[in-house]
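Here is the structure we will look at, set down as structure tokens.
The values are calculated or read from the model by the stated rules, or taken from the named source; none is laboratory data. All values reported here derive from a predicted model rather than from experimental measurement. So basically every Cβ, Gly included, is an ideal-geometry build from the backbone, and we count neighbours across all protein chains shown.
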Amino acid sequence: MSNGRLRQVSRAAGHLVAEELSRSLRSRRPGHGSHDARMRQRAERARDVRRFFEQLGPFYTKVGQMLSTRPDIVPEYVIPELEKLHDNASVLPFRALEPVLRAEMGPHWTRELRDVDTARPLGAASLAQVYRANLRDGRPVVVKIQRPGVRETVAQDMAVLRRTARVTGRLAPRFTSVVDVGAMLDVLFDAMRPELDFTVEARNMRRAAELVTSFKHLAVPEVVLATPRVLVQSLAPGRSVRHAEHGDFSRAERLGIGEDLLAFVFRGFFVDRFFHADLHPGNVFVAPGERATLIDWGMVGRTDRRTGMLLMLILMTLAQNDGHGLAKAWVELGHATPWAQTGAFASDMAVLVPQIADASLEELNFGLTLTRVLTCSTRRGIRTSPAIAVLGKAFANVEGSVRHLAPELSLIDVFRTEMQNVMLSLAAETVSKEQMARTALELMLGLGSAAEQVRGVFGGRSSRPGDGEG
């Protein structure tokens with residue numbers, strides 16, 4: 001990390017600590033220990049934490065957003081403030097960004113992009129600014145331009161957080177045995193990388209465009225041009241779903257968009273293993289009679305086959321109101337520490353799950369519910385898969401989008417409907433030539449999941465590194 005950036009982070013952290021010390025001193029004065037005073041101090045502390053992340057830019061904003069899904073790490077009263085984190089930034093004048101356009105598209109970039117509305121950017125974030133423009137043929141497009149120097153800053157921030165994670169591991173081994181901070185950061189880094197190279201984001205968009213073709217109500221913008229720091233794409237019709245008026249849409253259209261959004265995310269988790277990790281209301285544009293357009297593919301998540309199937313099992317146990325089954329699948333998704341209380345965790349889930357099954361999005365925040373499961377599992381000594389941080393964020397975001405347009409939808413009901421399609425896809429994958437060849441090789445070599453399943457059928461015991469005898 002450069003000395004300048006290190007000083008900036010240290011200064012922000014020092015201010016946060018100073019504010020906390022000041023609060024601590026005030027709390028010792030007469031009359032400052034009342035319940036109302038403590039509540040005010042909590043609110044101040046939460047705001048200070050949010051401002052700390054905001055002032056340090058895009059990477060720390062993403063870290064704060066991820067922490068808003070982790071009540072096992074962050075106090076619950078801080079989470080509502082972290083949920084307010086949005087990657088907003090002051091608007092740079094266009095003259096500060098024009099050199100980026102010139103470097104990426106050449107000195108004659110105005111031949112390709114005309115009528116750029118330089119006075120009013122469509123959006124300004126810490127990583128980039130977005131402008132409306134026209135192509136030579138008059139077609140309206142959106143131009144996304146990366147801010148100068150932002151890649152270097154984010155790389156420096158990633159490096160310092162890796163070092164922080166290693167120090168945390170040495171100082172708090174019991175905590176890191178349950179919360180794998182390094183792995184959690186790796187998931188976030190992987191999800192963020194396309195935001196630093198727009199050619200990767202364009203690749204994500206092209207893949208997503210293929211995946212939405214089977215959904216009647218969804219679309220992805222067309223990529224017109226992509227360089228590492230400039231992305232030109234078609235203009236999405238309508239406006240953010242956050243500002244959509246229900247009266248402008250028929251009920252069938254509202255429900256159709258909502259169902260397709262949820263089904264698209266489910267398929268991304270379980271079948272495609274590729275999903276939009278930041279599908280908040282600002283990234284879903286709707287217009288009456290048009291497909292809902294999913295924008296900003298800079299942050300995506302990926303799951304492997306086993307993680308996707310276990311997550312599906314978790315949702316199936318929810319749909320069947322089976323708390324003990326959820327607990328078992330959750331432990332399998334993560335890892336039980338030597339001091340884990342798996343029986344107590346199962347009892348926790350037996351109480352929680354009946355509150356979730358069959359609730360509509362008006363009554364249920366599933367993203368928040370996922371974090372409640374996470375809190376219980378951490379308290380009971382169960383390490384959770386690091387992928388849950390991004391999955392939880394994705395769930396919470398898409399729920400928020402659907403809730404604006406079709407709050408009467410039940411996430412679990414949509415899952416039940418989509419489950420048949422998912423299972424058919426998984427079955428087709430299982431009997432594919434590649435999978436059958438792999439299974440045969442594992443059986444012949446006595447390796448992997450297939451061999452373990454056969455040993456289990458015959459009462460055998462799979463041996464793993466570290467297993468003792470007897």
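Figures for the structure shown
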read-out: Residue within segment 166-184 that is over 22 Å from the mean Cα position of the chain (by Cα), under 20 Å from V300 (Cα atoms) and surrounded by 13 or more Cβ atoms within 10 Å (Cβ to Cβ) present; value: no
read-out: I295 vs. criteria in contact with a helix residue (DSSP H, G or I) (Cβ under 7 Å, 6 or more places away or on another chain), hydrophobic (A, V, I, L, M, F, W, C) and under 30 Å from R239 (Cβ atoms); value: yes
read-out: Among residues of segment 283-309, those that are surrounded by fewer than 20 Cβ atoms within 10 Å (Cβ to Cβ) and part of a helix (DSSP H, G or I), counted; value: 4
read-out: Exclusive hit being at pLDDT 80 or above, within 20 Å of T168 (Cα to Cα) and either touching a strand residue (DSSP E or B) at 6+ places or on another chain (Cβ under 7 Å) or loosely packed, with under 12 Cβ neighbours inside 10 Å (or both), set G64, G14; value: G14
read-out: Some residue of segment 228-240 being β-branched (V, I, T) and either surrounded by fewer than 20 Cβ atoms within 10 Å (Cβ to Cβ) or at pLDDT below 90 (or both); value: no
read-out: Odd one out for A394, checked against (1) surrounded by fewer than 24 Cβ atoms within 10 Å (Cβ to Cβ); (2) of a type in the set (G, A, S); (3) in a helix (DSSP H, G or I); value: (1)
read-out: Residue identified as over 19 Å from the mean Cα position of the chain (by Cα), over 22 Å from F275 (Cβ atoms) and either surrounded by 15 or more Cβ atoms within 10 Å (Cβ to Cβ) or at pLDDT 95 or above (or both) among A124, A219, A159; value: A124
read-out: Positions within segment 329-350 being out of contact with any helix residue (DSSP H, G or I) (no Cβ under 7 Å at 6 or more places or on another chain) and surrounded by fewer than 18 Cβ atoms within 10 Å (Cβ to Cβ), in sequence order; value: H335, P338, W339, Q341, G343, A344, S347
read-out: Pairs with Cβ under 7 Å, 6+ apart, first in segment 228-239 and at positive phi, second outside any strand (DSSP E or B) and among the hydrophobic types (A, V, I, L, M, F, W, C); value: G238/A287
read-out: Residue list for segment 132-156, filter: among the basic types (K, R) and either surrounded by fewer than 16 Cβ atoms within 10 Å (Cβ to Cβ) or not in a helix (DSSP H, G or I) (or both); value: R132, R136, R139, K144, R147
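For every residue, the table says whether it meets (1) over 22 Å from G282 (Cα atoms); (2) among the hydrophobic types (A, V, I, L, M, F, W, C); (3) in contact with a helix residue (DSSP H, G or I) (Cβ under 6 Å, 6 or more places away or on another chain).
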site: L370; (1), (2), (3): yes, yes, yes
site: C376; (1), (2), (3): yes, yes, yes
site: I382; (1), (2), (3): yes, yes, yes
site: P386; (1), (2), (3): yes, no, yes
site: F395; (1), (2), (3): no, yes, yes
site: L409; (1), (2), (3): no, yes, yes
site: I412; (1), (2), (3): yes, yes, yes
site: E418; (1), (2), (3): yes, no, yes
site: M423; (1), (2), (3): yes, yes, no
